[in-house]
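Scroll down for the structure; my scribbles are underneath it.
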């Protein structure tokens, strides 16, 4: 049949038949083995491509444990996508096999029972291709083969890509050089050799051709209890029974009207209208002892334990059935991996439910709560701490080192002069080399040695810094302006120096030497003829002894 152009139809079949990207070409071979019911299938997908890595998108309903043959076995599984799950191979040379079932919006039935399989529209990714497309690499040569059971006949088919269709021995194959985002329609139906409306698979009387009326088993009906000869009797040897007219048999009774005579019916009380097998019992296709009509999971693997609804047991209700659950006693509510064991998302050896730091980078050493160690307690973990022995309570930067806001090489906590402009101009105290350390902001009540309230915060900071320099020898030097009596000024400056010295000692300063000395107006730093100059001369300084 010639291809028909139907517009952009996403080729899904839950197989990822389309491809996105414009990278190196790929050769793809897909075999779809349709099941006896015409609705289920197994698919084998093989790709040969030089692209690395290669991502194969599969239907969101597929679980990792449903995968069959995968080669090579080195792949990554990602089920976090919105519309699809993804198998990632490190190279584009792989084969994957897994089961599936055609979705309701892609497989329909016509009035005569013909199956109609159409590719369906899927969400489109940012690269313009459908969400279930593999990526990257354009499919340059492709082959898709639908292998149908013997009781099916192909009716017709078409595609919206140029290519060659071939029918051979129950296999319908489509070959093309470019089938990206392929759209197709395939129609097939069960074979009915005698034309009685009962497919060959279910027909127990394959030669009962019309116009004979037949029952659900494809055999001629005998509703008159053999009052006369029947055209086709399922018990032809019963003619010797004198109680029955020639050609019939009283044992043709079917009390529950299920199409199986009482003599053969192992379930004679089956509810009316239910489908039954040759023994008159409701089918149990997967053999799990739950009949199909009551089976919520009709494809349970043979031998797996099931509950009353026919679904595999999940004793700990963690979403992983018992037959696959390697940790069957997982507490309720715990997040688990595909094997039913507690998740350890960051791989640090502490499961998520106990992990207080669930995003620890791979390979880091953690404590019993899953958090990286911080030996000096500065808030920066050891692996990132450039200064792992920072004293307790020290304010640090992003790499765990004490802050040095003025960039003079002395940390804030030990900097007696926090405004020193840059590295190289300051000594180990953070102050300009060879110059006295002026205690700006230290003031006194007029004509007294009583410290003002604002002075105390300044001296608290100075005391904290001095506690970091126990080897210093300092003089607390008091100075006044020239106003007033010189002897009074000298005494006042001494008392003020003594007050500052005592405050520092009371705050735990224990340096090599700390003496107090009043200099009065003897050492001015500005002109005493102006108010501004006199204010600069009224000061307290720290001078290094021996300089």
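The values are calculated or read from the model by the stated rules, or taken from the named source; none is laboratory data. This is a predicted model, so every value here is computed, not measured. Every residue, glycine among them, receives a Cβ derived from its backbone with ideal geometry; neighbour counts consider all protein chains shown.
Figures for the structure shown
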quantity	calculated
Checking residue 231 against (1) modelled with pLDDT under 75; (2) buried (at least 18 other Cβ atoms within 10 Å of the Cβ); (3) touching a strand residue (DSSP E or B) at 6+ places or on another chain (Cβ under 7 Å); (4) farther than 30 Å from residue 26 by Cα, the condition it does not meet	(2)
Considering residues of segment 355-381 that are closer than 23 Å to residue 394 by Cα and in contact with a helix residue (DSSP H, G or I) (Cβ under 9 Å, 6 or more places away or on another chain) only, the residue surrounded by the fewest Cβ atoms within 10 Å (Cβ to Cβ)	375
Qualifying residues in segment 497-539 (those that are in contact with a helix residue (DSSP H, G or I) (Cβ under 6 Å, 6 or more places away or on another chain) and part of a helix (DSSP H, G or I)) - the one surrounded by the most Cβ atoms within 10 Å (Cβ to Cβ)	504
Segment 78-112, residues that are under 13 Å from the mean Cα position of the chain (by Cα), in a strand (DSSP E or B) and surrounded by fewer than 16 Cβ atoms within 10 Å (Cβ to Cβ)	78
Segment 263-287 residues that are on the phi > 0 side of the Ramachandran plot, paired with ones that are not in a loop (DSSP other than H, G, I, E, B) (beta carbon under 9 Å, 6 or more apart)	280/262; 280/264
Single condition residue 494 does not satisfy, out of (1) touching a residue at least 12 places away in the same chain (Cβ under 8 Å); (2) in a loop (DSSP other than H, G, I, E, B)	(2)
For residue 423: the one exception among (1) surrounded by fewer than 19 Cβ atoms within 10 Å (Cβ to Cβ); (2) part of a loop (DSSP other than H, G, I, E, B); (3) modelled with pLDDT of 90 or more	(3)
Complete set of residues in segment 176-221 that are modelled with pLDDT of 80 or more and under 30 Å from residue 141 (Cα atoms)	176, 177, 183, 184, 185, 186, 187, 188, 189
Those residues of segment 429-474 which are over 18 Å from residue 499 (Cα atoms) and assigned to a helix (DSSP H, G or I), in sequence order	465
Residue that is crowded, with 18+ Cβ neighbours inside 10 Å, assigned to a loop (DSSP other than H, G, I, E, B), without any contact (Cβ under 8 Å) to a residue 12 or more places away in the chain and touching a helix residue (DSSP H, G or I) at 6+ places or on another chain (Cβ under 7 Å), where the choices are 404, 481	404
Residues that are under 21 Å from residue 308 (Cα atoms) and not in a loop (DSSP other than H, G, I, E, B), drawn from segment 257-295	292, 293, 294
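To keep it simple, each residue is scored yes or no on (1) within 26 Å of residue 339 (Cα to Cα); (2) crowded, with 17+ Cβ neighbours inside 10 Å.
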position	(1), (2)
269	no, no
296	yes, no
301	yes, no
307	yes, no
310	yes, yes
319	yes, no
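Results for (1) surrounded by 12 or more Cβ atoms within 10 Å (Cβ to Cβ); (2) over 24 Å from residue 394 (Cα atoms); (3) in contact (Cβ under 8 Å) with a residue 60 or more places away in the chain; (4) not assigned by TED's automatic domain parsing to the domain that holds residue 525, shown as yes or no for each residue.
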| site | (1), (2), (3), (4) |
| --- | --- |
| 414 | yes, no, no, yes |
| 419 | no, no, no, yes |
| 442 | yes, yes, yes, no |
| 447 | no, yes, no, no |
| 453 | no, yes, no, no |
